[in-house]
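The values are calculated or read from the model by the stated rules, or taken from the named source; none is laboratory data. Quick caveat: nothing in here was measured; it's all calculated off a predicted structure. Cβ sites come from the backbone with ideal geometry, for glycine too, and all protein chains shown count toward neighbours.
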Amino acid sequence: MKQLLILPGILFLLAQGTGTARKEPSIEKRPKNIILMVGDGMGLTQITAGLYSNNNTLFLEQFPVTGLIKTHSSRHIVTDSGAGATAFSCGCKTYNGAIGVCKDKKPCPTILEQAEEQGFATGLVSTSSITHATPASFIAHVPDRADMETIATYFLKTDIDLFIGGGMKYFNRRTADQRNLVGELQEKGYVVNDYSEQKLSDLKPSPDKPFAWFSAAEEPEGVNKGRDYLPVAARMAPEFLKKRSEKGFFLMIEGSQIDWASHANNAPNTVREMLDFNAAIGAALQFAEADGETLIVITADHETGGMALEQSRSPDTLDMTFTTKVHTASMVPVFAYGPGAEQFNGVYDNTAIYDKMIALWEFQPKVEKR
Ligand SMILES: [Zn+2]
């Protein structure tokens with residue numbers, strides 16, 4: 001049953017920020033590398049469903065620090081992935097649909113661009129189009145997330161070292177202009193491969209050149225249709241980026257389709273996508289454990305589907321149900337491992353993910369708050 005909760009003056013409160021100032025723990029050790037992993041639509045229920053469907057275990061249990069984030073956007077209690085990812089990439093609350101712009105629609109320098117400027121290696125990996133809202137928010141600046149062809153042009157404007165994802169048609173079968181961005185990337189020195197030629201697992205990209213692999217012309221398929229490159233990419237990307245810069249690297253890895261399966265209210269596919277993301281987490285964790293200088297932060301932009309887990313008729317099975325086809329306002333968890341992980345303990349705004357990452361790297365914040 002739907003019940004309306006009246007939130008008095010909530011938009012005013014959201015605009016102002018209601019939290020009392022936190023005192024951050026002092027930084028003991030700074031990370032050289034940061035891997036930010038975003039499970040799109042991955043609320044606590046999606047995580048729990050994955051856990052019980054996987055013999056009661058997930059790699060997330062190996063993360064010593066947990067937190068919770070408030071996910072609302074600048075104008076709505078319920079965020080979309082554009083505003084959610086821009087909070088992580090730039091540290092500003094913005095409107096739903098925004099990509100790398102704050103609520104005034106002005107471009108905000110992203111942590112990926114700041115890292116690039118400082119000589120770090122950078123990478124983006126996703127199981128959606130690489131131009132989709134979450135990865136796009138780290139590299140592009142457009143007022144509307146639907147403008148995929150403009151978003152694709154930003155991959156030529158930043159010296160990103162590695163990207164892996166779908167949406168190749170926005171690069172080489174463009175409608176707005178005749179540019180072939182795949183050719184332009186190659187001219188710029190990139191090794192570009194795609195799904196039609198070779199599987200990612202068959203490739204051994206040389207760190208001498210920047211690397212791109214397109215997983216699909218449009219949106220990549222689901223795990224249920226055989227998609228298997230995310231854990232491969234999570235293993236390959238950190239090793240590759242480590243060799244690209246002495247200073248360190250920033251890598252964002254997104255499990256994009258937990259969200260899509262939950263939008264479709266498809267519980268088995270939600271679990272499949274969650275476990276695929278879990279395998280990617282395992283690969284990143286293995287790198288970080290061996291490396292010792294890598295911080296991994298795992299979170300979600302929002303929960304999707306209002307997923308609930310109920311007791312089924314038999315005592316050891318779950319009924320997985322959904323209350324909506326869209327996103328919800330629930331806080332979502334944060335998990336951190338490695339140097340600087342202690343900063344991510346507690347309850348805070350999604351924008352603080354950016355604040356904490358740049359504080360650990362001693363980068364200056366580039367946009368004024370709110
Ligand atoms: Zn969604």
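Taking interchain pairs and intrachain pairs at least six residues apart, which have beta carbon atoms under 8 angstrom, with the first residue in the stretch 30-42 and in contact (Cβ under 8 Å) with a residue 40 or more places away in the chain and the second among the charged types (D, E, K, R) and more than 16 Å from the ligand (Cβ to nearest atom)?
Every condition considered, the pairs that remain are R30/E362; P31/E293; K32/K247; K32/E293; N33/K242; N33/D291; N33/E293.
On the given criteria, is G189 touching a residue at least 60 places away in the same chain (Cβ under 8 Å), out of contact with any strand residue (DSSP E or B) (no Cβ under 6 Å at 6 or more places or on another chain) and closer than 23 Å to R244 by Cβ?
no
How many residues does the stretch 228-269 contain that are within 16 Å of the ligand (Cβ to nearest atom), under 21 Å from S137 (Cβ atoms) and touching a helix residue (DSSP H, G or I) at 6+ places or on another chain (Cβ under 9 Å)?
Number of matching residues: 8.
Go through (1) within 20 Å of V332 (Cα to Cα); (2) without any contact (Cβ under 8 Å) to a residue 40 or more places away in the chain one by one and return the number of the condition N278 breaks.
With (1) within 20 Å of V332 (Cα to Cα); (2) without any contact (Cβ under 8 Å) to a residue 40 or more places away in the chain applied to N278, the lone miss is (2).
In a strand (DSSP E or B), within 16 Å of the ligand (Cβ to nearest atom) and not polar (S, T, N, Q): is that true of E310 in this structure?
no
Return the residues of the stretch 42-58 that are within 19 Å of the chain's Cα centre (by Cα) and closer than 14 Å to E273 by Cβ; say none if nothing qualifies.
Result: M42, G43, T45, Q46, I47, G50, L58.
Restricting to the stretch 115-135, give me the number of residues that are touching a helix residue (DSSP H, G or I) at 6+ places or on another chain (Cβ under 7 Å) and over 19 Å from D194 (Cβ atoms).
4
Residues in the stretch 46-61: is at least one assigned to a loop (DSSP other than H, G, I, E, B), touching a strand residue (DSSP E or B) at 6+ places or on another chain (Cβ under 9 Å) and of a type in the set (S, T, Y)?
Checking the stretch 46-61: at least one residue is assigned to a loop (DSSP other than H, G, I, E, B), touching a strand residue (DSSP E or B) at 6+ places or on another chain (Cβ under 9 Å) and of a type in the set (S, T, Y).
Only one residue in A267, A176 is closer than 22 Å to H302 by Cα and either in contact (Cβ under 8 Å) with a residue 12 or more places away in the chain or under 19 Å from the mean Cα position of the chain (by Cα) (or both). Which one?
A267
Filter the stretch 75-93 down to residues that are surrounded by 24 or more Cβ atoms within 10 Å (Cβ to Cβ) and not in a helix (DSSP H, G or I) and give me whichever is nearest to the ligand (Cβ to nearest atom).
The extreme case among them is T79.
Does the stretch 292-301 include one or more residues that are over 27 Å from T131 (Cβ atoms), at pLDDT 95 or above and within 16 Å of the ligand (Cβ to nearest atom)?
No, the stretch 292-301 contains no residue that is over 27 Å from T131 (Cβ atoms), at pLDDT 95 or above and within 16 Å of the ligand (Cβ to nearest atom).
Output the number of residues of the stretch 313-342 satisfying the condition of being within 16 Å of the ligand (Cβ to nearest atom) and of a type in the set (D, E, K, R).
Looking only at that region, the number is 1.
Based on what the data block shows, is T127 among the hydroxyl-bearing types (S, T, Y), more than 16 Å from the ligand (Cβ to nearest atom), over 30 Å from L7 (Cβ atoms) and at pLDDT 95 or above?
no
Just one of the numbered conditions (1) farther than 26 Å from K103 by Cα; (2) not in a loop (DSSP other than H, G, I, E, B) is not true of N265; which one?
(2)
Name the residues in the stretch 316-348 that are on the phi > 0 side of the Ramachandran plot and either buried (at least 20 other Cβ atoms within 10 Å of the Cβ) or part of a helix (DSSP H, G or I) (or both), would you?
Hits for the stretch 316-348 are G338, G340.
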